[in-house]
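Working notes for the structure below.
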């Protein structure tokens, strides 16, 4: 049986900051440019800007759960776009959201 699942992924623009930091730190701007190209031109991955809605939701999450700003922005982005699942390496997020939280190992 051939099963086709159409998956749309969304991440906060802060992901680009996080993923490009190491290449820049190691003097590899070409790698950072490849990451930027992927994150800004992918057909299946949408980079969601941090706007007033995301910022306010992140502030609410920070106030309630004492989250770091990057974590709050990621979870807030998922909330604002109505994500079905949050894919992260941080399972502690499970207690910070009603959205299902998964790691790559769980897929």
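The values are calculated or read from the model by the stated rules, or taken from the named source; none is laboratory data. Model, not experiment: these values are computed from the prediction. All Cβ positions, glycine included, derive from the backbone under ideal geometry; neighbour counts span all protein chains shown.
Name the single residue that is nearest to residue 49 (Cα to Cα) among those in the range 67-105 being loosely packed, with under 13 Cβ neighbours inside 10 Å and out of contact with any strand residue (DSSP E or B) (no Cβ under 8 Å at 6 or more places or on another chain). It comes out as 82.
The rows are residues; the columns are (1) touching a strand residue (DSSP E or B) at 6+ places or on another chain (Cβ under 6 Å); (2) surrounded by fewer than 15 Cβ atoms within 10 Å (Cβ to Cβ); (3) within 15 Å of residue 83 (Cα to Cα); (4) in contact (Cβ under 8 Å) with a residue 40 or more places away in the chain.
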site	(1), (2), (3), (4)
7	no, yes, yes, no
15	no, no, no, yes
18	no, yes, no, yes
25	no, yes, no, no
30	no, yes, no, no
35	no, no, no, no
45	yes, no, yes, no
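Residues are listed down the side, and each one gets a yes or a no for (1) in a helix (DSSP H, G or I); (2) at pLDDT 95 or above; (3) under 14 Å from residue 14 (Cβ atoms):
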{"position": "54", "(1), (2), (3)": "yes, yes, yes"}
{"position": "57", "(1), (2), (3)": "yes, yes, yes"}
{"position": "63", "(1), (2), (3)": "yes, yes, no"}
{"position": "73", "(1), (2), (3)": "yes, yes, yes"}
{"position": "80", "(1), (2), (3)": "yes, yes, yes"}
{"position": "94", "(1), (2), (3)": "yes, no, no"}
